[in-house]
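Engineer: Encoded as structure tokens, here's the structure I'll be asking about.
The values are calculated or read from the model by the stated rules, or taken from the named source; none is laboratory data. Bear in mind that the values here come from a model prediction, so they are computed numbers and not experimental data. Every residue, glycine as well, gets a Cβ built from its backbone with ideal geometry; the counts of neighbours run over all protein chains shown. Note: areas computed on protein heavy atoms with side chains; ligands, DNA, RNA excluded. Shrake-Rupley method; radii C 1.70, N 1.55, O 1.52, S 1.80 Å.
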Amino acid sequence: MPEQPRVELVCPAGTLPALHAAVDNGADAVYLGLRDGLNARNFPGLNFSLADARRGIEYAHERHARVFVALNVYPQPNRWPAATAAVDAAAGAGADAVILADPGLLAYAAERHPGLNRHLSVQASASNWRALEFYQQRFGVRRAVLPRVLSLAQVRRVIERVSMEIEVFGFGSLCIMVEGRCALSAHVTGESPNTHGVCSPAHAVRWQERPTGRQARLSGVLIDEFAPHEPAGYPTLCKGRFEALGALMHALEEPASLSVLELLPQLLAAGVSAIKVEGRQRSPAYVAQVTRALRVALDSCRRDPGNYRPPAACGAALERLAEGRTHTLGAYNRPWQ
Ligand code: SF4
């Protein structure tokens, strides 16, 4: 069987060390956000100053990797000048693409920086070929990141009908609200992830040590309690434990990571252009390990897709890093579609 065309491995970078970790471990491209509150990982201590973004882009380019700048919130009117300035800054820093969701910003980028690739963010929630073609025709979008709500068969059918590159998520946390259209956290914190770029704003999060364990609260609402020594992740409302139907449980969403390790041959055959790793909030060590595992698996699949088996070491490495130490195929696995 001839070798498949190269599929890009796109990895997250919340900091310069994470960018180095991704590039050094085989990422073909890295995505990052500027420190301006205009991307969907608006966490304290995360994201790049413009000087660091320039350094990161230089580092990546010297090693033949690309850098995409995520600018994927929907800016409110008072943030419009900052948002357009961020597009200009990304272009000036030599980014290979901007990842955008807001139609106004897409129009601005297309008019002001026609030579800068525009990728449609997953935050745009474009889930069907007509929506994707609209963005392509209207704004010259070169690539779209599909929401994690499509089955494998639906991904395949979308790719058959569109003329743009398609990027799909391959590993990391999931969101049950069609990619950030979150009534949950917006209801409790008053801030939508789509406008403020964060599910649980730092000012709303409170940790309290109790004799029974560590409690996590969001705007005063108890969303989880972790037993002593139980690992406590970033507290999101959707993955909290609540009393429902007489039992204490993850009533909305189990913490589990999406992992497409076993689906790589089908995704490559479907014609995806890139596999994306979620997690700009993750440590450089996490980014290094996930990137290395997926690099090995992708290369193995490309060499011989017919005989591909998920490499055991890659599976074990990803399982250790998965949320709740367990993984899921998410919406990809809907054989009835
Ligand atoms: S809180 Fe959960 S459902 Fe809401 S945007 Fe964040 S990940 Fe998605």
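Engineer: Would you mind computing, in nm to one decimal, how far apart the modelled labels at D24 and A110 are, each placed 7 Å from Cα along Cα→Cβ?
Structural biologist: Placing both labels 7 Å along Cα→Cβ, they lie 4.1 nm apart.
Engineer: Could you tell me, in Å, what Rg and Dmax come out for the Cα atoms of the range 183-249?
Structural biologist: That works out to 12.3, 37 Å for Rg and Dmax.
Engineer: Normalising by the residue count of the range 183-249, find the relative contact order in percent from Cα pairs under 8 Å and 6+ residues apart.
Structural biologist: It rounds to 23 percent for the range 183-249.
Engineer: Also, quick follow-up: In percent, what relative contact order does the chain have, based on Cα pairs under 8 Å that are 6 or more apart in sequence?
Structural biologist: It rounds to 21 percent for the chain.
Engineer: Taking the inverse of the average 1/r across all pairs of different Cα atoms in the range 186-333, what Kirkwood radius in Å do you get?
Structural biologist: Evaluated over the range 186-333, this radius sits at 17.6 Å.
Engineer: Counting only C-alpha contacts under 8 Å and six or more residues apart, can you give the relative contact order of the range 46-133 as a whole percent?
Structural biologist: 27 percent
Engineer: Using 12 Å as the cut-off for backbone N distance, which residues of the range 279-322 belong to the label zone defined by a point 7 Å from the Cα of R6 along Cα→Cβ?
Structural biologist: Hits in the range 279-322 for R6 at 12 Å: none.
Engineer: With the full set of protein chains in place, find how many percent of the accessible area of the range 183-249 is carbon and sulfur; take the probe as 1.4 Å.
Structural biologist: With neighbouring chains kept in place, the figure for the range 183-249 is 59 percent.
Engineer: I'd like the accessible area for L252, computed on protein heavy atoms only with a 1.4 Å probe and all protein chains in place. Round to 10 Å², please.
Structural biologist: 90 Å²
Engineer: S163 versus I176, label points 7 Å from Cα toward the beta carbon: distance in nm?
Structural biologist: Calculated label separation equals 4.0 nm.
Engineer: If you add up the charges near G37, with Lys and Arg at +1 and Asp and Glu at -1, over every other residue whose beta carbon is less than 13 angstrom from its beta carbon, what do you get?
Structural biologist: Result for the local shell: +1.
Engineer: Can you give me the distance in nm between label points at L248 and R130, each placed 7 Å from the Cα along the Cα-to-Cβ direction?
Structural biologist: Using points 7 Å along Cα→Cβ, the separation is 4.9 nm.
Engineer: Now for a separate question. Using the charge dipole of the chain (Lys, Arg: +1 at Cβ; Asp, Glu: -1 at Cβ; taken about the Cα centre), state which of G94, A322, H113 has its Cα farthest towards the positive end.
Structural biologist: My answer, from the dipole projection, is H113.
Engineer: Name the residue from V141, C11, A22 whose Cα lies farthest towards the positive end of the charge dipole of the chain, charges +1 on Cβ of Lys and Arg and -1 on Cβ of Asp and Glu.
Structural biologist: Selected residue: V141.
Engineer: Please compute the net charge surrounding G26, taking Lys and Arg as +1 and Asp and Glu as -1 over other residues with Cβ under 9 Å from its Cβ.
Structural biologist: -1
Engineer: Once the other residues with Cβ under 14 Å from the Cβ of F134 are scored (Lys, Arg +1; Asp, Glu -1), what is the net sum?
Structural biologist: Residues close to F134 contribute a combined charge of +3.
Engineer: Here's something else I'd like to know. Do any GluC sites (Glu not before Pro) in the range 1-63 lie in a DSSP loop with no more than 11 other beta carbon atoms within 10 Å, and if so, which?
Structural biologist: E3
Engineer: First check a/c for the range 37-159, with a ≥ b ≥ c the square roots of the eigenvalues of its C-alpha gyration tensor; if it is under 1.5, answer rounded, and if not, answer prolate when a/b is larger than b/c or oblate otherwise.
Structural biologist: prolate
Engineer: Turning to a different aspect of this structure: Taking a virtual spin label 7 Å from the Cα of R206 along the C-beta vector, which residues in the range 220-234 bring their backbone nitrogen under 14 Å of it?
Structural biologist: Of the residues in the range 220-234, 220-224 have backbone N under 14 Å from the label point off R206.
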